[in-house]
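Taking it in order: structure first as structure tokens, then the write-up.
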Amino acid sequence: MDKRESMWDVYLRKGMSRRSFVKSCVALTSLMGLSTDQVSKVVEAAEKKPLPVVVWIHGHECTGCDESFIRSGAPLASDLVLSQIALEYDHLLAAASGEPFEAHLEETINKYKGQYILCVEGAVCTKDNGVYCMSGGKPFIETLQHAAHNAAAVIAYGTCAASGGIQAAKPNPTGSSGISHFTGKTPVVNVPGCPPIPEVMTGVVMHVALFGTVPPLDNEGRPKQFYGNRIHDTCYRRPFFDAGMFAERFDDAGAKAGWCLYKLGCRGPETYNSCGNLRWFQGMSYPIQSGAPCIGCSNAHFWDEDPMTTRMPEYGPLGNVDKIGAALAVGTAAGVAVHGAMSVIQKQKREAEEHEKE
Amino acid sequence: MKHVVVDPITRIEGHLRVEVQVDEATGKVTDAISSGTAWRGLELVMKDRDPRDAWAYIQRICGVCTTAHALGSVRAVEDALGIAIPKNANYIRNIMAATLTVQDHIVHFYHLHALDWVSPVEALAADAIATANLQNTLLGAYKLPFRAPNTSTTEAYEHDFPAATPQYFEQIKGKVKAIVESGQLGIFSANWWDHPDYKLLPPEVHLLAVAHYLEMLDKQRELVTPHVIFGGKNPHPHYVVGGMPCSISLDDGNAPVNTARLEIVDRAINMGRSLVNNYYLPDLLAIGAAYVKAGRVDGGGMAKTCVLGYGSYPIEGYTGTSDGGFFKNLLIRCNGVVEDFGKGLAAAKFTEVTAEDVTTENITESVDHAWYEYPAGKKDLHPWEGVTAPKFTGPKEGTETNWKALNESGKYSWLKTPKWKGKLCEVGPLARYIIIYTKAKKGLLPEPSWAEQMMLDQLDAVSKVLGLAPEVWLPTMVGRTAARALDAQLNAEINKFFFDKLIANIKSGDTKVANSDKWDINTWPKECKGVGIYEAPRGALSHYIHIKDGKTFNYQCIVPTTWNACPRDDNAGNGAYEMAMKDTQVKVPDKPLEIVKVVRSFDPCMACATHMFNAKGEKINVITTDPYSGTRVDK
Ligand code: SF4
Ligand code: SF4
């Protein structure tokens, strides 16, 4: 009863073939952004490592991340939940509720101390002792601290958990914040996005599960394999940007032809996420492909960088973008330089504005 | 008398706690309270922002009905500025709304509600051959063959019949058995599986439903692809004030919407129809019929006394909402209130809901039992004058941060109490069906639209299956769950209806999808107000915006869950959840499965229900977040 099965054990028990097991491992390897020479490592881990116990808790959030998670296409959420992880506690899918459910959380924490993965969706409410986010008669902040301190690793799913999200936008009425200030020494992986791409969510939990360690992270605690590129650098409209061809209004001829959305406020040039390479629903689309400028939802505090349809404030209302575009068209090297400069200008401008306001 | 607390109620969106008093001898619930236990303050966050961005912010109220608030919001802004959207944008928004409704109801039934009715443990006793036979019988008996008239046929044959072979069910049984025997039950852990309610259904129904629980977990994602095509992603697809961002072109290779991409939308719509007709309705009717036969017609509560709807699906564009334009060409005219439906049709009373109701004092909110404070002497306030000053008063027993029992005679929830003409109302699919049915039977629906007629036909068909009149089975917990399934079928057809309209319109040469005439803030009036209304999957939703100098001065929403989950009101009595719990028998007070079942029959979605805005414009407490150096919080 207490033997914990590995992914391979589960496949064996279900009478599934070695071939399909190896196939899943190959899929997982590429999903995790690893090169194919890592497949053997993944297979080894999947053979030996017991199914990882996962505890998923909710703070101040909208459940969009949970919903995104169950949209995962490869692996399918059902496979993941039933064969690849042991999801012991989750408000959205759990059968139980109330006291027995809370008791089960305690049991799980005690039984798997230092071994389980804690997924957190939503921000921490810190104001007035946390009374604005209560569950089980206790403030969420207590549950978070207790569960995080005993976990092997914490995954902060969504911009809410990573940096406070929408409720932390000005004036932050409930004193909401990202969770990493409250997780003690346990390593935290930030998986921002509002919500994150489903396959990014499943990919990160599988990485922690199979390798027993957090993936390589950037300086904001995000897995490099998913947040290493700017949307802009992987955008299918990028050639139009470089050629200085911009949609000027929603639904004009440029918008129909798929020209760059920069002038409509696109934040692709300053946003790190996988929308450009993975896209949503396994390559089906992403906001820019559907004609909507990127709102930068994986950036910390992007909610306070409004308005969303205005760019490059010091150039006036989107004035000189044409010139920039034209300059870019001259040569790639120059393009990269001007481009980098633009992002820096935007950032400095915002910082200056912030100081003024404070 | 036993005091029973369920907190958290899981399988919902957000944080909810209920407390009931149960008479142990009779199983009667003598009192019940429902408490929203979180409060996020989004409406205050809205202040001073660009109204053209409002949809993106306020949509994050809820990640489950993810497009509902975006739609409410763009409608409110367009109403304020007098923007009429292009035909295509209206069709696409309707497709997105219908898509949401179908997918949301399916996920609710299978993943958020089914485990209250069916159990994987009971499924182990099922015979795989008998289950396969049962599946075939159900498909024959319980398929309701309703279709929107004259819609296109774009599939050669219907896909995705549920598998009905013994091998299939044997395999599912093996899967479930392995999980149960491993001792690591995962999401199935710690539930009251030994509750007598799980014995109400034969093991074969349990196995069938558990199999479909798993099937639907995989399939639900494919239903929302229209959001991914038109809005770029799901959850939280993108919108734009004045129409939709997804320009249409049959000439440009890179166009967001072209023939290939419309085909993806069509496939999802067809799949929605297929899943509702072949899985959802037969499963629901099998379970519902067993409950009704066992005499379980409780849990109706306020459905018997007062329900409210706003009406849905503008067939073509409209000029505005506050001027009444929205109500003029609705596909489903359920804009109304029905009182006393539980007393029978003769006693039931219908009152129309008009633009006047959504814009005047006919709708108000009170805070007698909510953790807010109104200025001295104020009792009921219209959303425009709404004040939201938090006043947390702690529980009755326990401490501020360790609750034992909440104070039913004082304040006990982060939800306000909305009222229509001083009365509490239930909203949702059940309300929509009760309203259309009552209107028709009272001769107030002289020329029903095809959709309204379909609603009446659906009710007829189900009444035949159950052998009871709608007045008897509708206002119950089973009726609330069944109305949601019928609503899913209806919306699957509506989806096709608007898809065909979209195709026909594009074919006629009209590809316009956004109206940018009023995009420039300099063209706006100095001050204006707007309302956006929508029948969300969970019921009547209204967003209110007040724009001043090009910025959001005030933003308010009255959401379905506030109507249903609100705390009591000193004059009007209990809210809908509370009424429904009081109308439910509890067999084992320590294991109040009936209570969570009746609460979940409303499809609770709490995050959207917590209000927070001080309309006087005073900021309550400012905590600065610096976009580039992490969050600073004052503890
Ligand atoms: S990050 Fe976005 S989707 Fe996720 S919980 Fe927060 S608001 Fe919802
Ligand atoms: S600005 Fe936006 S639309 Fe244009 S190329 Fe960059 S990411 Fe793509």
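What is the one condition in (1) within 16 Å of ligand 1 (Cβ to nearest atom); (2) open to solvent by less than 50 Å² (accessible area, probe 1.4 Å) that residue A:255 does not satisfy?
Among (1) within 16 Å of ligand 1 (Cβ to nearest atom); (2) open to solvent by less than 50 Å² (accessible area, probe 1.4 Å), residue A:255 violates only (1).
Please enumerate the residues belonging to the range B:510-535 that are more than 9 Å from chain A (Cβ to nearest Cβ), out of contact with any His (no Cβ under 6 Å at 6 or more places or on another chain) and open to solvent by less than 60 Å² (accessible area, probe 1.4 Å).
B:510, B:521, B:524, B:528, B:530, B:531, B:533, B:534, B:535
Tally up the residues in the range B:367-417 that are of a type in the set (Gly, Ala, Ser), farther than 17 Å from residue B:574 by Cβ and open to solvent by 10 Å² or more (accessible area, probe 1.4 Å), please.
4
Which residues, taken from the range A:123-161, are among the small types (Gly, Ala, Ser), within 7 Å of chain B (Cβ to nearest Cβ) and open to solvent by 10 Å² or more (accessible area, probe 1.4 Å)?
Result: A:135, A:136.
Out of (1) under 24 Å from the mean Cα position of the chain (by Cα); (2) part of a helix (DSSP H, G or I); (3) surrounded by 24 or more Cβ atoms within 10 Å (Cβ to Cβ), the odd one out for residue B:238 is which?
Going through the list (1) under 24 Å from the mean Cα position of the chain (by Cα); (2) part of a helix (DSSP H, G or I); (3) surrounded by 24 or more Cβ atoms within 10 Å (Cβ to Cβ), residue B:238 breaks only (2).
Would the range A:181-188 turn up any residue that is in contact with a Pro (Cβ under 6 Å, 6 or more places away or on another chain) and open to solvent by less than 10 Å² (accessible area, probe 1.4 Å)? Step through it out loud before you land on a result.
Initial filter on the range A:181-188 (in contact with a Pro (Cβ under 6 Å, 6 or more places away or on another chain)): none.
Checked against the condition, which is being in contact with a Pro (Cβ under 6 Å, 6 or more places away or on another chain) and open to solvent by less than 10 Å² (accessible area, probe 1.4 Å), the range A:181-188 yields no hits at all.
Output the qualifying pairs, or none if there are none: Cβ atoms under 6 angstrom, residues six or more apart or on different chains, first residue in the range A:107-123 and among the charged types (D, E, K, R), second residue away from ligand 1 (no atom under 16 Å from the Cβ).
Matching pairs, first to second residue: A:113/A:150.
Of all residues in the range A:265-290, how many are within 16 Å of ligand 1 (Cβ to nearest atom) and either polar (S, T, N, Q) or outside any loop (DSSP other than H, G, I, E, B) (or both)?
Number of matching residues: 6.
Select from the range A:212-242 the residues that are open to solvent by less than 60 Å² (accessible area, probe 1.4 Å), more than 14 Å from every other protein chain (Cβ to nearest Cβ), assigned to a loop (DSSP other than H, G, I, E, B) and within 16 Å of ligand 2 (Cβ to nearest atom) and list them in ascending order.
Matches in the range A:212-242: A:228 only.
Name the residues in the range B:180-192 that are surrounded by fewer than 19 Cβ atoms within 10 Å (Cβ to Cβ) and in contact (Cβ under 8 Å) with a residue 40 or more places away in the chain, would you?
Across the range B:180-192, the qualifying residue is only B:180.
Could you check the range B:58-135 for helices (runs of 4 or more DSSP H) lying wholly inside it with 3 or more residues that are on the phi > 0 side of the Ramachandran plot, more than 16 Å from ligand 1 (Cβ to nearest atom) and more than 26 Å from the chain's Cα centre (by Cα)?
none
Return yes or no: is residue B:464 open to solvent by 20 Å² or more (accessible area, probe 1.4 Å) and without any contact (Cβ under 8 Å) to a residue 24 or more places away in the chain?
On the way: open to solvent by 20 Å² or more (accessible area, probe 1.4 Å): yes; without any contact (Cβ under 8 Å) to a residue 24 or more places away in the chain: yes.
Criteria met by residue B:464.
Given (1) at pLDDT 95 or above; (2) away from ligand 1 (no atom under 16 Å from the Cβ), identify the lone condition not met by residue A:236.
Failed condition: (1).
Looking only at the range B:216-235, count how many residues are among the basic types (Lys, Arg) and part of a helix (DSSP H, G or I). I'd like the intermediate steps shown before the answer.
First pass over the range B:216-235, keeping only residues among the basic types (Lys, Arg): B:219, B:221, B:233.
Then drop every residue that is not part of a helix (DSSP H, G or I), which leaves B:219, B:221.
Adding up the residues that qualify gives 2.
Among the candidates B:98, B:54, which residue alone is buried (at least 24 other Cβ atoms within 10 Å of the Cβ) and away from chain A (no Cβ under 13 Å)?
Values: B:54 fails: away from chain A (no Cβ under 13 Å).
Answer to the selection: B:98.
Would you check which residues across the range B:219-233 are under 22 Å from residue A:251 (Cα atoms) and more than 7 Å from chain A (Cβ to nearest Cβ) and list them? Full working, then the answer.
At the first step, the residues of the range B:219-233 found to be under 22 Å from residue A:251 (Cα atoms) are B:225-233.
B:226, B:227, listed by residue number.
Among all residue pairs at least 6 apart or on different chains, which show Cβ distances below 6 Å where the first residue, located in the range A:218-235, is farther than 18 Å from residue A:207 by Cα and the second is within 16 Å of ligand 1 (Cβ to nearest atom) and of a type in the set (Val, Ile, Thr)?
From residues that are farther than 18 Å from residue A:207 by Cα, the pairs are A:231/A:271.
Any chance you could count how many residues in the range B:145-179 are in contact with a Pro (Cβ under 9 Å, 6 or more places away or on another chain) and in contact (Cβ under 8 Å) with a residue 60 or more places away in the chain?
1
Please list, ordered by residue number, the strands (runs of 3 or more DSSP E) wholly in the range B:515-564 having 1 or more residues that are out of contact with any strand residue (DSSP E or B) (no Cβ under 8 Å at 6 or more places or on another chain).
Details: elements: B:527-536, B:539-548, B:551-558.
Strands (runs of 3 or more DSSP E) meeting the threshold: B:527-536, B:551-558.
Name every residue in the range A:64-89 that is part of a loop (DSSP other than H, G, I, E, B) and at pLDDT below 90, in order of residue number.
Here is the first cut: in the range A:64-89, the ones part of a loop (DSSP other than H, G, I, E, B) are A:70-72, A:74-75, A:85.
A:74, A:75, A:85 - these are the residues of the range A:64-89 that are part of a loop (DSSP other than H, G, I, E, B) and at pLDDT below 90.
Residues of the range A:162-180 being within 19 Å of the chain's Cα centre (by Cα), at the interface with chain B (Cβ under 7 Å from one of its Cβ atoms) and of a type in the set (Gly, Ala, Ser), which ones?
A:163, A:164, A:168, A:169, A:177, A:178
Cβ-Cβ under 6 Å, sequence separation 6+ or interchain: first residue in the range B:213-237 and over 21 Å from residue B:71 (Cα atoms), partner open to solvent by 10 Å² or more (accessible area, probe 1.4 Å) and not in a helix (DSSP H, G or I). Which pairs?
Taking only residues 6 or more apart or on different chains, the pairs are B:218/A:76.
Could you run through the range A:243-275 and say how many residues are more than 25 Å from residue B:242 (Cα to Cα) and near ligand 2 (Cβ under 7 Å from one of its atoms)?
Let us first name the residues in the range A:243-275 that are more than 25 Å from residue B:242 (Cα to Cα), namely A:243-244, A:269-275.
Those still in the list that are near ligand 2 (Cβ under 7 Å from one of its atoms) too: A:269.
Result for the range A:243-275: 1.
The values are calculated or read from the model by the stated rules, or taken from the named source; none is laboratory data. These numbers were taken from a predicted model, which means no experiment stands behind them. Glycine gets a Cβ as well: all are built from the backbone with ideal geometry, and neighbour counts include every protein chain shown. Surface areas here come from the heavy atoms of the whole protein model, side chains and all, with no ligands, DNA or RNA. Shrake-Rupley method; radii C 1.70, N 1.55, O 1.52, S 1.80 Å.
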